[in-house]
Structures are given as structure tokens and as C-alpha cells.
1. Determine, for each peptide in 389-399, 329-339, the mean count of other beta carbons within 10 angstrom over its residues, then list the peptides with the highest first.
2. Can you tell me how much longer the chain between Leu269 and Leu391 gets when fully stretched, taken as 0.36 nm per residue apart minus their C-alpha distance, in nm with one decimal?
3. Relative to the first principal axis of the alpha-carbon coordinates of the chain, what is the inclination of helix 244-266, with its axis defined by its Cα atoms, in degrees from 0 to 90 and to the nearest 10?
4. Are any of the pairs Lys205/Lys427; Lys200/Lys430; Lys137/Lys430; Lys101/Lys427; Lys137/Lys301; Lys132/Lys430 more than 26 Å apart by Cα-Cα distance, and if so, which?
5. Could you please state how large a percent of the accessible area of the stretch 310-458 is carbon and sulfur, counting protein chains only and using a 1.4 Å probe?
6. With the crude spin-label approximation of a point 7 Å out along Cα→Cβ, what separation in nm comes out for Phe445 versus Ile193?
7. Counting other Cβ atoms within 10 Å, keep those with at most 10, restrict to DSSP loop, and tell me which trypsin sites (Lys or Arg not before Pro) in the stretch 266-324 are left.
8. Express in nm, to one decimal, how much length is gained between Leu21 and Leu452 on full extension, taking 0.36 nm for each residue of separation and deducting their alpha carbon distance.
Amino acid sequence: MEPSGIQMVSGLILGVIVLILLVLKTKIHAFLALIIGASIAGLVGGMVPGDVAGAISAGFGSTLASVGIVIGLGVMMGRILEITGAAETLAYSLIKFVGKKKEEWAMAIAGYIISIPIFVDSAFVILNPLVKTLSKKTGKSVIAIGVSLAVGLVLTHSIVPPTPGPLGVAGIFGVDIGLMIALGLGFGIPLMIVGVLYAKWLGKKIYQLPSDESESGYVRPEKEMTYPELLEIVNERSKELPSFARSFLPILIPIILIFINTTLSALELTEGFYGIFTFLGTPIIAVGLGLITAIYALAGKLSRNTTLEEMEKGIQDAGIILLVTGAGGALGNVLRTSGTGDYIAQQIADLPLPAVLIPFFVASMVRLVQGSGTVAMITAASISAPILAQLDVNMALAAQAAALGSLIFSYFNDSFFWVVNRMLGIKNVKEQILVWSVPTTLMWFTGLILILIANMFI
């Protein structure tokens, strides 16, 4: 007997409730919680028990088949950029390029680039000494510069592959990674402008400078201070680090190759001579070439053992993200196989709500209750992809909607909230919310408007 629509929807709702409760209230990890949620959604939704297990395995395997290798290669490349000082080089170079009195914009752009290969928490920790130096030498509030950096970092971390979250979302929606990168970079620019303008305003409201004499490491002068020697400091520090060209090349090569592949595929030029570029632009090959470039352009002074050990540390960090991404794919496949996605799609088609906003609001809800942006967007993609597949929706835009929805109101259950506030010396709860919860929500709201505008034209 075929399960009823109410039974299938009940299975999904119960599965999501159990998933959220497990992540919030128990010691069970998000990976296992997703598997349990998928099992409940399938069993309560009317699937044969044996079929549920098969759908979970198939969904897990197919999702990781598309993105698992890229995530592994990407984190190894990020580790090389981190330990060789290449990340700092990119930041210093941008400060020199953008010039004096525009340090907030320079740090936001630096974060925007550096977060592509390096995990967001690590990138902020690496660049925080630079934030303090800039604050000391310019007299600008460390809050303005630090929040600008965090804005740039969190945007590419959340919406631009090959960072694991948006990469996993692209895999679940079946979206071309080059197209996902292009949309993410495009949406990211107006969001970054909103974030930096807010950071500059907040820097005047919370005027704080680093201080070696203060017990807390920071002081709050009554009036702004100015220092003229910033670019001299930047020039001196830049001499100790790898060149800009060598630092940027490992990021640039895969992005160019993936874009070429996407363009040729769109033009249906995939055979003969063009086939070589199609092969090189496959994300697995492109990111692999980026990693090789990073090893030989940047890690020349490191021993073979040190290089291998550091890359393996990167893989250890990525392990749990791979599991969560795969488990998200498992949940999505259960909804597809059970027919729940088809049923909900028919119901939603009659609603006035634009279907492209389904992943946006699901990601927002999941982010608010459990904190992780990556888990939020993967869960949203898993739930909404089977539904939207039945509707006339631009799947690339839907994938970006899931990623953008995960930006909402970062607070106590988000590790990056604590990294930003602790590193900037903010202990007052109201100020912590001003420093990081408010700017993420402003970017989230801007993202909502952009999705609605883009949906009218794409």
C-alpha cells in the first residue's frame, strides 16, 4: 500500500525535529544525527526498512563521489598556504594595493580571497596579529578592521566553492561548480559592502585599540589616535614572506581552469582539443593542480616529512565535514526515494511563496537552532533539492539560496562567533551581538533581497 502524503510529510517533520534535538541536546554528533533523521524520515514516511538503509548508503556515496576528493585536496592546499605565510602575503599585498585609510576594505578583500582555501576560524586566527598591527599604526578601532576581515572570511566560506559547505550544496543540487563559484562571487560583493560599512560604523561606536600595557590587551581611548608609519611596517613584513604571485597562484589556477571548463561545457565544446581543457577544468583535477602548485611554489623550504604532516593535519580537520556532507546527501536521497519530495513539490507549487526561497528559510531555521553554517546549508539542500527538482526553479540559484540562508544571526552556538569576539577582546554580551550577530544578519537580509531580484531575471 502506498503511503499517504500526510504520512510522508509527518516522517520528514519528525526526522527534522529529532535531528535538531539530537544536535542541540545530546552528545550525538551532527553526522550521526543526520543519519538518524534520515532513517526516521524514511521509516515513518512509509518506506520498506531495507530500502531506507539502501537509500542512505546510495545518497552518502553519490554525494561524496562528487565533492569528497575536492574537499580533501582543498584543505591540504589551504594548510600549505597557512603554514608558509602565503595567507599573510595576500593580506599585506592588498593593503599596499588599496592604500592608506582604506584598511577595512583591504582586510575584507583579503578575507574574501583567503577563505577560499583556508577554514574560516583558522584564517581569522592567522590574520588577527595583522588586524592588531593595523589598528595600532592607523589609530582605527580594532573592531572596524577585525569585523571587516571576518565579513570577508565568512562570505566566501559560506557561498563560494571549493569551501566545503557550498561545494556540498552544489553536489546535492547537481549544480556546476564553476557556475556556483560565479554566483557566489557575484552575490558576495554587495554583501561585503554592507558588512564593511557596518564595521566602519561600529568601529566608531566601540573605539578600541590594542595595548601591551593593558591586562586585557586592549584599551578604549576617549578620542581617536593617528599614526603615519603603517606602509613602512607593511613593506618590512612583506620582505619576510613569499611573493604575492607565488601566494596567489595556487588559488588562481583552479578557479581559471574550472571557469574554462564551465564555459566550454555551456558552449558544448567538449571534444578534441577542447577536451583537454574540459579534463583540466574538472574540479578534482583543477584543485589537484592547485595543490601541486602550492607544494612546489610555497613549501620549498619545508622538509618532505613536515609538508606531508601538515597536509595530513588539514585532512583531519576535513574528515568530519566530509561525513556531515555525505550524511546530508543520504537524507536528501531518502526524501527522493520515498516520494516525499514529489508530494511536497506539488503542494508548494500552489503557494504564492517563490520556491527558490525554500532552501533559504530552511537553512536559516537550522542555522539558528544548531549554529553550524555548513550543517545548516547541507541540511537545507538535502531537504529542498528533491522538492525543487519537481518544480520550475533555477537550481544554481536555489543552491546559493541555501548557502546565503546559513548566514543568519550568528550567536553563542557558532564557533566563529566566539573566535571573532575573543580575538578582538569583546566580553560584554550586548557588544558581542553588535560585533558579529548583527552584521551576519544584515548580510543575510541583503542576500534574501538579492535572491528575489535574481529570481526575476534568471
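1. Values: 389-399: 19.9, 329-339: 26.5.
Top to bottom by mean Cβ count within 10 Å: 329-339, 389-399.
2. Using 0.36 nm per residue and subtracting the Cα-Cα distance, I get 41.0 nm.
3. 30 degrees
4. Details: Lys205/Lys427 16 Å; Lys200/Lys430 18 Å; Lys137/Lys430 28 Å; Lys101/Lys427 28 Å; Lys137/Lys301 31 Å; Lys132/Lys430 22 Å.
Over 26 Å apart, Cα to Cα: Lys137/Lys430; Lys101/Lys427; Lys137/Lys301.
5. On the way: 3530 of 5520 Å².
Roughly 64 percent of what the probe reaches on the stretch 310-458 is carbon or sulfur.
6. Reported label-point gap for Phe445 and Ile193 is 1.8 nm.
7. Values: sites: Lys301, Arg304, Lys313; in loops: Lys301.
When the trypsin sites (Lys or Arg not before Pro) of the stretch 266-324 are filtered for loop state and at most 10 Cβ neighbours within 10 Å, Lys301 remain.
8. Gain on extension, Leu21 to Leu452, equals 152.0 nm.
The values are calculated or read from the model by the stated rules, or taken from the named source; none is laboratory data. Because the structure is a prediction, the values reported are computed rather than measured. Positions of Cβ are generated from backbone atoms using ideal geometry, with glycine treated the same way; all protein chains shown enter the neighbour counts. Side chains included, ligands, DNA and RNA excluded: accessible areas come from the protein's heavy atoms. Shrake-Rupley method; radii C 1.70, N 1.55, O 1.52, S 1.80 Å.
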